[in-house]
């Protein structure tokens, strides 16, 4: 057993211990970094959440429901008397992380913590994001935090969303796209230097690859469109941290401070402690198999045209969110439908962008003419078609069968 596997087993053994249960009963979150919360969250990020003992996960979900406020207070006046703001108030990073951990473990979160899911629509700010700083909700101009936003929308991607939740996802995606993953709206400068460095473990950290991953999966599930220029920039940035085929990280500095229990049963600020698995993955030059695998799934492919294709029309149509259309024909087996817009224009579109004859995601029906032997950049697949860009910078759909296999 190598050092990494030994560290994983050590965390699992700890979570199997009475010490871990006692820690959870004292507090579901504190102290950093060596409480059950952090062991569970790191195992979750490593794709090992199923290795966590069942009794500790059930206890965790039970105590979350019992020990924290079921709402997010904006002011001190809203808090019940004697509330400990450090220990009894969830931030949105925590709320989204809890939902993800429990859901991916197989726990019915909506049954165990029935108030949690409502947070994801109730507390969305007008610009489309969320903010763990309660002051953001009382200011005249309410601004979100991109860091606070990602754990929430990652959780929303796990569920079968209601119309309201799908709208929340779209609003959050627009917020991230408007910021081009990491830029200010005012002058397009970088919001924070950490956002341009891939982080692992992510915990409550944000980086451009985490933001891109959300956009990628939202598009895959619901057809959300975002500019290919975002993908191009991410591709270039990731290429700079690939070493020997693996995403290689700079390391993540962990806060030295925590909120710790005292022998007298009180809580006070003090020094944080870590654990072996966290130390290993947070150190500089850590090569992340998890992030590399995820990027290899999301990154653009470059494929050769094996059969020429001529676009079916020189007048593609673009559809906007909330636009009403007429369904002319469904091809459910292939996942497409033929529509007519209010101008009488017709086009095929993926079924996933339609609800009750209303468009729920923007759509461009453009097709791309390509010749045998051309090399195209492939951004994503849409039910048997690829969205591509040729060497002249023209973009559009082309049938998947007209390109070589991407393995």
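The values are calculated or read from the model by the stated rules, or taken from the named source; none is laboratory data. Bear in mind the structure is a predicted one, so any value in this text is a computation, not a measurement. Here Cβ is always computed from backbone atoms with ideal geometry, including for glycine, and neighbour counts include all displayed protein chains.
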key: Hits in the stretch 43-99 (condition: touching a strand residue (DSSP E or B) at 6+ places or on another chain (Cβ under 8 Å) and under 17 Å from residue 148 (Cα atoms))   = 86, 92
ask   = Residues of the stretch 360-379 being assigned to a strand (DSSP E or B) and either touching a helix residue (DSSP H, G or I) at 6+ places or on another chain (Cβ under 6 Å) or over 24 Å from residue 320 (Cα atoms) (or both), which ones?
value = 363, 370, 375, 376, 377, 379
Residues located in the stretch 73-89, provided they are touching a residue at least 40 places away in the same chain (Cβ under 8 Å) and under 21 Å from residue 112 (Cα atoms) = 87
request  = Could you please let me know if residue 155 is more than 24 Å from residue 29 (Cα to Cα) and either modelled with pLDDT of 95 or more or in contact with a helix residue (DSSP H, G or I) (Cβ under 9 Å, 6 or more places away or on another chain) (or both)?
outcome  = no
key: Count of the stretch 382-405 residues which are surrounded by 14 or more Cβ atoms within 10 Å (Cβ to Cβ) and part of a strand (DSSP E or B)   = 11
ask   = So residue 297 fits all but one of (1) touching a helix residue (DSSP H, G or I) at 6+ places or on another chain (Cβ under 9 Å); (2) over 29 Å from residue 406 (Cα atoms); (3) modelled with pLDDT of 90 or more; what number is the exception?
value = (2)
query = Quick one: how many residues across the stretch 175-193 are in contact with a helix residue (DSSP H, G or I) (Cβ under 9 Å, 6 or more places away or on another chain) and within 24 Å of residue 282 (Cα to Cα)?
reply = 5
key: Single unsatisfied condition, residue 209 versus (1) within 19 Å of the chain's Cα centre (by Cα); (2) at pLDDT below 95   = (2)
message = As an exercise: evaluate residue 140 against (1) over 27 Å from residue 58 (Cβ atoms); (2) surrounded by 12 or more Cβ atoms within 10 Å (Cβ to Cβ) and give the number of the one condition it does not meet.
response = (2)
ask   = So residue 4 clears everything in (1) modelled with pLDDT under 95; (2) under 27 Å from residue 122 (Cα atoms) except one condition, right? Which one?
value = (2)
remark   = Counting only residues that are free of Cβ contacts under 8 Å to residues at least 24 places away in the same chain and either under 30 Å from residue 286 (Cβ atoms) or assigned to a helix (DSSP H, G or I) (or both), the stretch 56-72 contains a total of 1
key: Odd one out for residue 108, checked against (1) under 22 Å from residue 42 (Cα atoms); (2) crowded, with 16+ Cβ neighbours inside 10 Å; (3) without any contact (Cβ under 8 Å) to a residue 40 or more places away in the chain   = (2)
request  = Quick one: which strands (runs of 3 or more DSSP E) lie wholly within the stretch 211-301 and hold at least 2 residues that are under 22 Å from residue 27 (Cβ atoms)?
outcome  = 257-261, 267-271
Boolean, residue 115 is within 18 Å of residue 14 (Cα to Cα), in the same structural domain as residue 18 (by TED's automatic domain parsing) and at pLDDT 95 or above = no
inquiry  = Checking the condition under 25 Å from residue 39 (Cα atoms) and assigned to a loop (DSSP other than H, G, I, E, B), which residue from 158, 125, 185 passes?
reply    = 158
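Filtering the stretch 221-234 down to residues that are in contact with a strand residue (DSSP E or B) (Cβ under 9 Å, 6 or more places away or on another chain) and closer than 25 Å to residue 288 by Cα, which residue is surrounded by the most Cβ atoms within 10 Å (Cβ to Cβ)? Full working, then the answer.
Initially, the stretch 221-234 is screened for residues in contact with a strand residue (DSSP E or B) (Cβ under 9 Å, 6 or more places away or on another chain), giving 223, 225, 228, 231-232.
Checking the rest, the ones that are also closer than 25 Å to residue 288 by Cα come to 231-232.
Working: 231: 20, 232: 14.
Looking at the filtered set, the residue picked out is 231.
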note = Of the residues in the stretch 307-344, those that are under 35 Å from the mean Cα position of the chain (by Cα), in contact (Cβ under 8 Å) with a residue 40 or more places away in the chain and surrounded by 12 or more Cβ atoms within 10 Å (Cβ to Cβ) come to 311, 316, 317, 318, 319, 321, 334, 335, 336
query = Can you tell me which residues in the stretch 172-200 are modelled with pLDDT of 95 or more and crowded, with 20+ Cβ neighbours inside 10 Å?
reply = 172, 173, 175, 176, 179, 181, 182, 195, 198
query = For the stretch 313-338, what are the residues that are touching a strand residue (DSSP E or B) at 6+ places or on another chain (Cβ under 6 Å) and either farther than 19 Å from residue 359 by Cα or in a strand (DSSP E or B) (or both)?
reply = 318, 319, 324, 326, 327, 328, 329, 330, 336, 337, 338
